[in-house]
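The values are calculated or read from the model by the stated rules, or taken from the named source; none is laboratory data. Everything numeric here is computed off the predicted structure, so don't read it as measured data. Here Cβ is always computed from backbone atoms with ideal geometry, including for glycine, and neighbour counts include all displayed protein chains. Please note that ligands, DNA and RNA were not included when accessible areas were found on the heavy atoms of the full protein model with its side chains. Shrake-Rupley method; radii C 1.70, N 1.55, O 1.52, S 1.80 Å.
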Amino acid sequence: LPHYAPYAARLAPLFNARNSLPGLAALAQPLTGLSARRKLPAWRRDVFGGVADAHPRGRQMREVALFGDTFNTYFEPENLRAAVDVLGRLGYHVQWLRPDAGDGRMGPRWLARKRPLCCGRTFLSAGLVDEARAEAARLLAAAAPFVARGVPVVGLEPSCLLTLRDEFRALLPGAQSEQLAASALLFEEFLAREAGAGRVMGPIARHQGKLLLHGHCHQKAFGALSSVGAALALIDGLEVESVEASCCGMAGAFGYGADTYEVSMAMGELSLLPAVRAAPPDTLIAADGFSCRHQIADGTGRQPRHVVLILHEAIHRSALSAPGTRC
């Protein structure tokens, strides 16, 4: 996925035709092994391409290095743009974690830029350890200058960001990996930490209503779900309820397999999908996992959002025009 994503984004209408042309998914199933009963995530041409300096750096601004994972970069770039905006409004100078200057360009000239960084998770899930290690080395080299300055590395996708805290230490053992692991934070973990230190003063927005939260398996395994609640608590008036559920059933590519589709849906039907269907129409549905959001959408017709997008929308709708900060 990380290798062909830049090409697929340029040819998005062609790659997305499988979802729209009648019969094409069924014809492709024997060749690809992907269930015709699933729509694949839609490629976007407006990919996340970096960070404009919309919030000029000042002497008192704290730095944040934003890691744009493959899924949010190429399929849901609005999430990364929302992260840049929210962090900037809260007084942080956001920099994009991009390939190191020594990292060679990939592919033909028409790509016009280096391939974005990747955590290597998709390679690991297929047993391609050497390829995953190569991706880890690229990311480690790019993050090194930030980590050396004590700048936190913040990401949105739990399975990707938490790879920096877990598998990287086995793929590339050493001081650099340990330092990166200590610096890597999910977006909500970073907000919760900054709020706890008094550097972000809530509320940062208001929204009267309810939100149903589904936790990603990696968030649960790393004890990071409480930070999601702490970040959402910065929205005044929002009532948050967590779904008591195990894995959503999608688990990366597992739910897309023709031979595993039924098991995937059965897992979702244990508790998650019925809970979402039972939620009132005006209830917000939140899920940080890319796969989780697609499982919920496929199984219920509801459109869950990443927490960063919910925060972003609440800030823009809020009567609080200037979020309180202390930098």
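Tabulated results
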read-out	value
Per-residue HN-Hα couplings for region 128-137 [Karplus 6.51, -1.76, 1.60; θ = phi - 60°; Hz; x = Gly/Pro]	8, 5, 5, 5, 5, 5, 5, 5, 4, 5
Point-charge dipole on Cβ atoms (K/R +1, D/E -1) for region 193-240, about Cα centre, debye to 20	80
Region 168-327 - share of DSSP beta bridges that are antiparallel (%, nearest 5)	15
Contact order relative to length of region 172-263, as percent, for alpha carbon pairs under 8 angstrom and 6 or more apart	29
Estimated distance in nm for a label pair at residue 166 and residue 313, the labels positioned 7 Å out from Cα along Cα-to-Cβ	2.9
222 nm mean residue ellipticity, helices alone, for the chain (DSSP H n ≥ 4; -39,500 (n - 2.57); rounded to 500)	-12000 deg cm²/dmol
Neighbour net charge for residue 297 - beta-carbon separation under 13 angstrom, K R +1, D E -1	+4
Computed lengthening from residue 283 to residue 206, 0.36 nm per intervening residue step minus Cα-Cα distance	26.2 nm
For region 229-307: relative contact order, % (alpha-carbon pairs under 8 angstrom, 6 or more apart)	28
Segments 157-163, 303-309, 169-175, 3-9 sorted - mean Cβ within 10 Å per residue, highest first	157-163, 303-309, 3-9, 169-175
Label-reachable residues, region 189-214, where backbone N falls under 19 Å from a point 7 Å from residue 62's Cα toward its Cβ	189-205
Rounded if a/c under 1.5, otherwise prolate or oblate - the chain, Cα gyration tensor axes	oblate
The chain: relative contact order as a whole-number percent, Cα under 8 Å and 6+ apart	17
With every protein chain in place, the chain: carbon and sulfur % of accessible area (1.4 Å)	55
Net lengthening on full extension, residue 10/residue 269 (0.36 nm per residue, minus Cα-Cα)	89.6 nm
Whole-Å distance, taken between Cα centres, linking region 65-79 and region 81-101	12
Solvent exposure of region 236-308 as accessible area per residue, Å², 1.4 Å probe	43
